[in-house]
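Bear in mind that the values in this text are calculations on the coordinates, not laboratory data. Nothing here was measured: the structure is a model prediction, and the numbers come from that model. Reconstructed Cβ throughout: ideal geometry from the backbone, glycine too, with neighbour counts over all protein chains shown.
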Amino acid sequence: MDPLHFVSLGVCLLLAAGLAVRKDRHAHIPFMVSAFTIDILMVLGLELKRHAIETATHTHSPLMLVHISMSIVVVLLYVFQIVTGIRKAKGHPVRIHGTTGWTLFVLRLGNFVTSIMIMHR
């Protein structure tokens, strides 16, 4: 398995831990911020090292297209979760934060699985 798969698995585990303690703000926020930060740094590293965006624009593989689509939505959801999370931390009710958090988690797991599938083709 590629070393980045271990990093990706770590991100998924951090997200799972953050969801498990979502009622405890003092535990939830550090897990999620760590997962988001590591994941975004990994994406930047992939772009710098492997030119991921350029490669993605030239693919015709249906599996790769699914993987890329999930990746884009995950990054967008990270931004949304950070914005709504900050609002929640300031005491504003943001009901959709939980639903989009679970959606992000499921898509991030799908991203992890498809990355392994792509590697083993």
(request) Take ARG50, project a point 7 Å from its Cα along the Cβ direction, then tell me which residues of the stretch 65-81 have their backbone nitrogen under 19 Å from it. (result) 65-76
(message) Run the reach check for LYS88 against aspartates and glutamates, Cα to Cα strictly under 19 Å, same-chain hits fewer than 8 apart removed. What comes back?
(response) ASP24
(request) May I ask you to order 2-9, 37-44, 57-64 by the average number of other C-beta atoms within 10 Å around their residues, highest value first? (result) 37-44, 2-9, 57-64
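The stretch 17-109: which trypsin sites (Lys or Arg not before Pro) are DSSP loop and have at most 14 other beta-carbon atoms within 10 angstrom? Don't skip to the end; give the middle numbers.
Details: sites: ARG22, LYS23, ARG25, LYS49, ARG50, ARG87, LYS88, LYS90, ARG95, ARG108; in loops: ARG22, LYS23, LYS90, ARG95.
Sites meeting the loop and neighbour criteria: LYS23, LYS90, ARG95.
About the Cα centre, and with charges only on the beta carbon of Lys, Arg (+1) and Asp, Glu (-1), how big is the dipole of the chain? Nearest 20 debye, please.
Values: 11 positive and 5 negative charges, 106 e Å.
In total the dipole reaches around 500 debye.
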(message) Tell me which chymotrypsin sites (Phe, Trp or Tyr not before Pro) from the stretch 42-121 have a DSSP coil assignment and no more than 13 other beta carbons within 10 Å of their own.
(response) none
(request) Could you calculate, for the stretch 3-119, the ratio of the Cα radius of gyration to the Kirkwood radius, expressed as Rg to Rh? (result) 0.99
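Taking K and R as +1 and D and E as -1, what net charge do the other residues with C-beta under 15 Å from the C-beta of GLY18 add up to? Before the final figure, lay out each step's value.
Details: positive: ARG22, LYS23, ARG25, LYS88, ARG108; negative: ASP24, ASP39.
Overall, the nearby charge balance is +3.
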(message) Rounded to whole Å, give me the distance from the Cα center of the stretch 3-40 to that of the stretch 66-100.
(response) 14
